[in-house]
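Step one of this worksheet: look at the structure below.
Derivation of every value follows stated rules applied to the coordinates shown; laboratory data play no part. Just so it is clear, the model here is predicted, and its values are computed rather than measured. Ideal geometry is used to build each Cβ from the backbone, glycine not excepted, and the neighbour counts take in all protein chains shown.
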Amino acid sequence: MTWLAVVLGGAAGTAARHAINLATTRLVSTPVPWATAAVNMIGSLIIGVLAGGLAAARLPMSPVARTFVFVGILGGFTTFSSLMLDSITLMNAGMPAKAALNLVGQMALGLALTVSGYYIGLRL
């Protein structure tokens with residue numbers, strides 16, 4: 001049952017990620033690094049809210065449900081490896097400052113959103 005939760009959640013997460021990629025491409029001329037940044041920031045906030053809700057015992061989830069959401073959906077949705085590839089792409093395009101800002105910005109904002117989400121989740 002756990003493996004099925006991972007597979008189904010992963011499919012949902014990757015489909016959601018693709019939707020963000022398409023929407024970002026429509027909004028800006030190039031999705032690099034904006035689509036990955038959006039996915040990572042959204043994922044950071046969601047994982048923080050859920051973790052806070054679980055920690056506060058206000059969000060009951062079975063172990064299979066947790067696996068479905070955290071490993072499956074969020075694992076398929078967020079893409080740290082794409083963050084790294086986007087940064088290399090920017091560096092290779094002669095934009096090392098943008099690459100550095102991309103890395104530092106997403107890491108700092110992602111951490112801030114995860115902490116914020118965690119405290120939101122504690123108060124659910």
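Numbers at a glance
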item	result
The chain: DSSP helices with Cα axial extent of at least 24 Å and average Kyte-Doolittle hydropathy no lower than 1.0	34-55, 96-122
Label-point gap, in nm, between R58 and V71 - each point 7 angstrom along Cα→Cβ	2.8
Sites L8 and F80 - FRET efficiency at Förster radius 25 Å, r taken between beta-carbons, to 0.05	0.70
Most mobile of I47, I88, I73 in a GNM of the chain (Cα contacts under 10 Å)	I88
Residue-averaged [θ]222 nm for the chain, counting only DSSP H segments that reach four residues, each worth -39500 (n - 2.57)	-25500 deg cm²/dmol
Chain lengthening between V28 and L101 when straightened (0.36 nm per residue, less Cα-Cα)	24.5 nm
Selected from L103, L83, L113 as most flexible by GNM, with the chain as the system and alpha-carbon contacts under 10 Å	L103
Among S44, S82, S29: highest mean-square fluctuation, GNM of the chain, C-alpha pairs under 10 Å	S29
Using alpha carbons only: equivalent-ellipsoid semi-axes of the range 2-122, gyration tensor based, whole Å	28, 17, 11
